[in-house]
Amino acid sequence: MALPLALLAQDIPVTGKVTEQNGAPLPGVTVKLDGTTKAASTDANGVFSIQAPVGGKLTISLIGMATQTVTVPAGGRINVSLAADSKDLTEVVVVGYGTQKKALVTGSISSVKAKDLESMPINRVEQALQGRTSGLTIASGNGQPGSASTVRVRGFTSFASSGNNDPLWVVDGVIVDNGGIGYLNQSDIESIEVLKDAASQAIYGARAANGVIIISTKKGKEGRLSINYNGFYGIQSPAKKLKLLNASEYAAIRNEAYSNSYNAATDGTFTLPYANPSSYGEGTDWQSVVFNDDARRQTHEFSVSGGTNKSTFYTSFGYIDQEGIVATPISNFNRANIRINSTFKPAKWISFGENLGYSHSVNSSLGNTNSEFGGPLSSAIHLDPMTPVIQTDPTAIGKSPYTIANIIRDPATGFPYGISGPVGQEMSNPLAYIQTRLGNYGWDHNIVGNAFLEIEPIQNLKFRSSLGTKLAFYGSESYTPLFWLSPSNTNTKANFYREMNMTLNYNWENTISYSKSFGKHHAYAIFGQGYYMDNNNRGLNVRFNNIIAQDFYQSNLNYKPATADIQGDGSDATLHVVNSLFTRVTYDYDEKYLFTGIIRRDGSSRFGTNNRFGYFPSASIGWVPTKEAFWKENNIVNFLKLRGSYGITGNDAIGDFSYVSLVNSGRNYTFGTTDVSTIGWSPAALSNPDLKWEETHQTDIGLDATLFNDFTLSASYFKKKTIGVLQTPPIPLYLGAAGGAAENVGDMQNTGIEFELGYRKKIGELNLGINANISTLKNKVTKLLPGREFIEDNAQSFQGMGNFTRTAIGRSFNEFYGYEVAGIFQSQAEINAYKGPGGTVLQPAAKPGDIKFANLDGNETINGSDRTYLGSPLPKYTYGITINLAYKNFDFVAFGNGVGGNMIFQGLRRLDVTYGNWQQSILDRWTPTNTSTDIPRVADKDLNGNYTKFSKNYLEKGDYFRLKTLQVGYNLPGDVIKKIGAQKVRVYLMSENLWTITKYTGYDPEIGGTVLGIDRGIYPQARSFMVGLNVGF
Amino acid sequence: MKKNILAIAALLTASQLIVSCQKQLDVNPRERILETSYYQSQQQAFTGLVAVYDQLGNQSSGYLTKLNLFSSASDDHFAGADSPSDLGDMQAMNNYTVNSLSGAPSYLWSKGFTGVYRANVLLKKIEGITMDASTKARYIAEARALRAIFYFDLVRIFKNIPLILVPIEPSGMFDVTQVAPADVYKQIETDLTDALSALPVTIPTADAGRLNQGAVHAVLGKVYLWQEKWGPAAAEFALVNGTAPGASTYGYKLLPNFADLWNWKNKFNSESILELSYNTTSNMGWGNVGSREGNVMGILVGPRNYVPVIASQAPDYVSGWSVMPITKELFDLIHYDPRNKPTVANLDSLEKAGIVTYKHANDNTGYFVEKYAGRVSTKAAVGQLELNFGQNMYEIRLADTYLMEAEALLKSGAAVGAGTRAYIFLNAVRARVGLNPVAVTMDNIMKERRLELVAEGQRWFDLVRWKLAPTKLAFKGFQANKNETLPIPQAELNNTKILQSKEWGGTK
């Protein structure tokens, strides 16, 4: 009935301004006169003008903001302030090959938007997801700047080695591998969508089983030119140092360990290592030598965007420079980014454009970030506090080892760096170690992008072709001087090494889509085809031995050594090719009954002709009862959608040519007296021509709701079953083959519940927003090859103790497996009384103070079959919470995340470095006078296996909650910034990793890796304090 | 219309891609060779044979070798190394804490069965290769004899082992069972005996290291000796040793100068019968220890933190890791023997004289292995010098077969007085180092073997063979009826039909 009114009423010019609640103008807002097709949009200053009658209704809308309807007043002046939309179900989410209104999505998809990441100190995109979405388990690989995190979407789906549980990353349609995702600049990200259920993932078919993460970069918007700068600068320091023994304590413990293992009667001599322990005082604090409390970090991001109705562009430049907190001279990272995204629309039926990112990074890595085998941090933990950092004692300098050639000296004083007598192996003075790697670095250039063409010959029929590519160059340069760090850590030939590699991967996708509405029926179909080629890597490297250069900075390949001193090598990878057809159909009736169906067919070069192609279907349905007539509008449930899905996805992430046996060289032998190798070949592995896809079947049931106007709730339950898990299982050694055949060895199941809760409220001038999520995860292996109860693939081991994790039927991926501790022997009588059923003393080598291992199999010995499952390294639940507050010109963000229910292997002290330092907890060891403890006695000879047997004593609870980011910002008042022509000037203070609650005794409870929670002395994450500036024009 | 044409063209391109997709999935394996297309020529057969030989000298990535493990377990050496937990797998052998999860059983088991597998693959594949018949016969003989050598170690070390004579298909890989040790010995004897006729009598220098008839007779003699088949053992050794010292059909002669045996350039000398071969040029580095051809023993046995003080008098040892220090007991026995100097690196006396310093590491006695201690003058030119010593090791040398023949003759009840073969050959070993003749008694033979073969990997096996290990090795924790063998590696029991030996808590 508005139509006649509109016709009758006299249109007047209406002008107005649309702003955000903080007064910032909103460009690109649609202003539509109800009942007509008349519409306008706001310009760069948020100003619009439209012809409308007085009393007419204007609908003012912008994605992400709550739509408002205003009545045209007499005079035609309107000022509107839009609030952020609390029912963000009107949002659009990116799904594979398209977008969908969030209200209509029937799959389980979590999103992170640019707004959530604004000014966050994020160097790598994985960190943007940690704690911000449900269903993900993310753990930092280590604290080395620029290093990748381990990302698991709804648990583990595969047993196989590194990388095979990594999700598929799709950046603007280009598939990028997990390690390669580091090229992305955080502030270029418009949105990140995590496809968690099979119904969403199936469009990516064969590579989707580990989850799909779609990243869209920012595009220019029609309207005014927008210029933005964000930058911060800060200092970082370690959040925690271990409490290690000082020199006196160390000497006393060493003496005790010695006395507990040797005596004059049987060993001939008996001399305590340290005559007078208390005389040594504090000694050297090696941690203070390797840690930097003042490591710098800065980030600068600058972007320009804009556009017309014919073209838009977004271009940005970013720079990150971060020093590591451990051994800073050889641990740092910097990266520069450039991005150019453009779209051109010369006519209504055609558009084309490109999204192109370039990055260049340079990093120095200390080489050993979570390994017990040396490296500065591991050395700092193990080195005895007796050894000085720099040896200045002339008597010591005159003797071995300081008289050995090529020891490293302090460049400032010329004195040699202290060399530990008792602690050897890979451990060495960290400062000397730093000198041997000074200047060495790795580098990369990445160009990742796509070009697309979209034509719409008939309305709603779209053809789109997209060519994506990743071109990467990467390599490293290093100079190794002559050095003698310890007897087993020496170099007798100065050499310079250079490595250069290239990767060229590409994919080409073509899709046709058509959408049509008939009354309240809405249908959409897309059919597509894709070709994907990756792993196209090749590399060359060269080493010049006996180079004349004195250090890295002098080194180059123009210093020609003798021909015999030039070593070169190279490599070619095997291509991985996937060829696909896919289709998706969506249908809804009145946005009330929803349906999506997907089928994808993939062919992979990783399988033999017997099983080369796989089909991956899925279907999902949704129902929005709040749209039903019987559902009365109320203030309790504003919106409710129930959804359910089922689908199958695949995984081909196993090595190339795993289905056949290859013959490998390198099985060489030396004949004759010419001192050279004769080349031998033999089969590398068994073959399995029937190898086929790993399939993951997933059911997902969930709901999305808006409650009490201010709350959004999303909940999902999923059950994900992987059938035919791909693996190259270890084969019995008696077969003699170097490796087994890849096989589909078992089934594994992940189940869990996920909640995402949002709350947004404006209370007076206070804007409050809270987002919280929690996910549970239960991982269980349900089947293995016939006759097998467990496998030890990917099993973790620690020096001589053998494998200590195991994947077994009925249990989760790689649970800890070892000896149960029955207590500490308090007396010889107790040892003698600890017998098997046949009367054999079970631990004859034990002494009082040693661990009493539980005799679980009840026989006459304590051996491998007494071991049991001791817990899982996989968190049972993960959670995150973000609190946003804005009051007048101030804003505040607190973001924290945590995990619980997992165990961590605390392997900070190496078994074979007998004389290494200890954590102070050893002071509570068993002694005849300190008997109520669970820490066994110290002894140089561990005949009972207190430490060489993997027991529960090595495990600790891994629960933590970390206040990840805390930020306080201040927006300069509008009248101030107007003077400089800016739209926005914001200054902020920020802290990262300010506070971590955990009972874990190592540096950091967050430990990534193929099997999570294995701490071999992980490079911890830094605690940082930063100040930042954000300016918009 | 133009736009429709564009759309159609694009669709056609797309369908073209779809049609050709099967072909695109056949990617080039790039230089990787499929097993199904290998083993086509004599040359490829030869590379298969080299792969079998490769396992003879195999060293683990953790520096384990048969030699250093069993030397650590013997009364001639300690494991040594930096501390009681450094190189833990050797320490476990030294102090008899070895168990089924330790590194030593797993390494030795894998070393042997890998050799067996490579031999089996070659034996299977070579049938189909068109090549010179006598060369084919020789390759087959070598593969079978090498397989026998691997099985001889496996059955001695583990006793209860499966006997695998063809490559096992994946379908049957968990169904393998163990056989009686006697069956293994029978197969070893068959393989060795069958191999003889196709092998050359002598080997030209360029091929040195490959098996000839002499080496196979020596191994067979040892196999008989181990089974206490004294007569057949003596007969085999007689073939090797010849009618008189120096008169061997195979050209074997004792070197006149004992010390020359340990000059690394003196490879495949006239005393060498079966030699494990290494080189200095394979460029082994820390990342690929064991997978290349350098000998790690050179750095292992060297004194730790070794520093010459008086350079003109100090030997040019490379500072090493103090592995396998010689026990005081052995040192006292060999101290005044002419073989002392080429055998023992006496760091104790060098240090007391102020000539050198070194670190007194774990179980230090001051006496190290001289026979193959790494020296600055023998270090490699490329790669990590620590890992690329080129010195070969004797698996069997003539002095050993002389002494074994004397022992077999004595045990068989043959006459052993002056002028008999036993007497002549025992005393030929002594005469070479200038010692007077002694009577042929078990005590004299045992003492001679010990002093002659220090650090050559024989002592522990001799003690077990002579059933003296429980007494001689009691001080290290050797338990009778248990430590004569090693436990079967735990991983072999998982999901298979392999059973642990009774001695190690199992049922086999």
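The values are calculated or read from the model by the stated rules, or taken from the named source; none is laboratory data. Only a predicted model underlies this, so the values are computations on that prediction, with no experimental measurement involved. With ideal geometry, Cβ positions are generated from the backbone for all residues, glycine too; neighbour counts draw on all protein chains shown. Side chains are part of the model used for accessible areas, which takes the heavy atoms of the whole protein and leaves out ligands, DNA and RNA. Shrake-Rupley method; radii C 1.70, N 1.55, O 1.52, S 1.80 Å.
Between A:Ala822 and B:Lys482, the FRET efficiency from the beta-carbon distance, with R0 = 30 Å, is close to 0.75.
Students often get this wrong, so check it: of A:Lys835/B:Lys186; B:Lys66/B:Lys359; A:Lys221/A:Lys761; A:Lys102/A:Lys310; A:Lys32/A:Lys310, which have C-alpha atoms separated by over 32 Å? If you can, show how the numbers build up before the last one.
Working: A:Lys835/B:Lys186 41 Å; B:Lys66/B:Lys359 26 Å; A:Lys221/A:Lys761 28 Å; A:Lys102/A:Lys310 28 Å; A:Lys32/A:Lys310 22 Å.
In this structure, A:Lys835/B:Lys186 exceed 32 Å between Cα atoms.
Beta-bridge orientation, the protein assembly as shown: approximately 95 percent antiparallel, per DSSP, counting only bridges with both partners inside.
For region B:221-326, the fraction of C-alpha pairs more than 18 angstrom apart is 69%.
Here region A:321-471 yields Rg over Rh of 1.36, to two decimals, using C-alpha coordinates and the Kirkwood radius.
Compared with the dominant Cα axis of chain A, that is its longest principal axis, helix A:247-259 is turned about 50°.
Interface residues of region B:69-89, defined as those losing at least 40 Å² of solvent-accessible heavy-atom surface relative to the isolated chain (probe radius 1.4 Å), are listed as B:Asp82, B:Pro84, B:Ser85. Taking a straight Cα-Cα cut-off under 19 Å and skipping sequence neighbours fewer than 8 places away in the same chain, the lysines within cross-link reach of A:Lys560 are A:Lys493. Would you mind classifying region A:579-622 by shape? Square roots of the alpha carbon gyration tensor eigenvalues, ordered a ≥ b ≥ c; an a/c under 1.5 is rounded, otherwise it is prolate if a/b is larger than b/c and oblate if not. Since a/c reaches 1.5 and a/b is larger than b/c, the shape of region A:579-622 is classed as prolate. For region A:937-958, a drop of 20 Å² or more in accessible area on going from the chain alone to the assembled protein chains (1.4 Å probe) is found at A:Lys941, A:Leu943.
Mind running the shape call on region A:965-1010? Use the C-alpha gyration tensor, a ≥ b ≥ c as the square roots of the eigenvalues: rounded below 1.5 for a/c, prolate if a/b tops b/c, oblate otherwise.
Numbers: a/c = 7.58, a/b = 3.55, b/c = 2.14.
Prolate.
Let me check against my output: what whole-number percent is the relative contact order of chain A, with C-alpha pairs under 8 Å and at least 6 apart? Value for chain A: 11 percent. Here the Karplus curve 6.51 cos²θ - 1.76 cosθ + 1.60, taken at θ = phi - 60°, turns the phi angles of region A:540-547 into couplings of 9, 9, 9, 10, 9, 8, 6, 6 Hz, with x standing for Gly and Pro. Please say if region B:352-454 is rounded, prolate or oblate, where rounded means a/c under 1.5 for a ≥ b ≥ c the square roots of the C-alpha gyration tensor eigenvalues, and otherwise the choice is prolate for a/b larger than b/c and oblate otherwise? Here region B:352-454 falls in the prolate category. Shown here for region A:673-767: chymotrypsin sites (Phe, Trp or Tyr not before Pro) in loop regions (DSSP other than H, G, I, E, B) with at most 10 other Cβ atoms within 10 Å, of which there are none.
Provide A:Trp169, B:Trp230 ordered by accessible surface of protein heavy atoms (probe 1.4 Å), highest first.
Correct descending sequence by accessible area is B:Trp230, A:Trp169.
Given a 1.4 Å probe, how much area per residue of region A:449-605 is accessible, in Å²?
Accessible area per residue: 43 Å².
Measuring from a point 7 Å past the Cα of A:Ile679 along Cα-to-C-beta, which residues in region B:387-428 have an amide N at less than 13 Å? The answer is none, because no backbone nitrogen lies closer than 13 Å to the label point. When a 1.4 Å probe is rolled over the protein heavy atoms, the share of accessible surface on the protein assembly as shown that falls to carbon and sulfur comes to 57 percent.
Taking the DSSP bridge list for chain B and keeping only pairs wholly inside it, about 85 percent are antiparallel. Interface area, chains A and B: about 8200 Å² of buried accessible surface, summed, with a 1.4 Å probe and ligands, DNA and RNA left out.
What do you reckon, how do A:Phe671, A:Phe373 stack up by accessible area (1.4 Å probe), largest on top?
So, going from the largest accessible area down, we get A:Phe373, A:Phe671.
The string of couplings for region A:580-587 from the Karplus curve (6.51, -1.76, 1.60, θ = phi - 60°) is 9, 10, 8, 8, 9, 10, 10, 8 Hz, one whole number per residue in order, with x for Gly and Pro. With 23 Å as the limit on Cα-Cα distance, the pairs of A:Lys348/A:Lys516; B:Lys222/B:Lys497; A:Lys852/B:Lys472; B:Lys341/B:Lys411 that go past it are B:Lys222/B:Lys497; A:Lys852/B:Lys472; B:Lys341/B:Lys411. Treating each Cα of chain B as an identical point scatterer and summing with the Debye formula, the log10 of I(q)/I(0) at q = 0.05, 0.12 Å⁻¹ comes to -0.23, -1.17. The sum of -39500 (n - 2.57) across all DSSP H runs of n ≥ 4, divided by the residue count of chain A, sets its helix-only mean residue ellipticity at 222 nm to -1500 deg cm²/dmol. Need the per-residue list for region A:672-701: every residue with at least 50 Å² less accessible surface in the complex of protein chains than in the chain by itself, probe 1.4 Å, sorted by number. Hits at the 50 Å² cut-off: A:Gly672, A:Thr673, A:Asp675, A:Trp681, A:Pro683, A:Leu686. For A:Lys240, the lysines whose Cα comes closer than 25 Å to its Cα, not counting residues fewer than 8 places off in the same chain, are A:Lys952, A:Lys957, A:Lys964, A:Lys999. To the nearest ten degrees, helix B:2-19 and the longest principal axis of the Cα atoms of chain B are 40 degrees apart.
Compute the long axis of helix B:213-226 from its Cα atoms, compare it with the longest principal axis of the Cα atoms of chain B, and write down the angle in degrees, 0 to 90, nearest 10. It works out to around 70 degrees. For region B:426-498, dividing the convex hull volume of the Cα atoms by the residue count gives 136 Å³ per residue.
In region B:99-169, Cα pairs under 8 Å separated by at least six residues give a relative contact order of 45 percent.
Enter the accessible area per residue of region A:24-147 (Å², integer; probe 1.4 Å; all protein chains in place).
35
Cα-based values for the protein assembly as shown, radius of gyration first and Dmax second, are 37.2, 141 Å.
Projecting the alpha carbon convex hull of region A:922-1033 along each direction and taking the average yields 11.7 nm². Each Cα pair under 8 Å and six or more residues apart adds its separation to the average, and for chain B the resulting relative contact order is 18 percent. Charge tally for A:Tyr497 (other residues, Cβ to Cβ under 12 Å; Lys, Arg +1; Asp, Glu -1): +1. Hey, with R₀ at 56 Å, roughly what FRET efficiency would A:Gln919 and A:Leu225 work out to, going by the Cβ-Cβ distance, to 0.05? Here the calculated transfer efficiency is 0.45. Residue order by solvent-accessible surface for B:Glu329, B:Glu35 is B:Glu329, B:Glu35, largest first, with ligands and nucleic acids left out and a 1.4 Å probe. Computing Rg and the Kirkwood Rh from the Cα coordinates of region A:516-668 gives a ratio, Rg/Rh, of 1.32. Counting only heavy atoms of the protein chains and using a 1.4 Å probe, A:Trp995 has close to 130 Å² of accessible surface.
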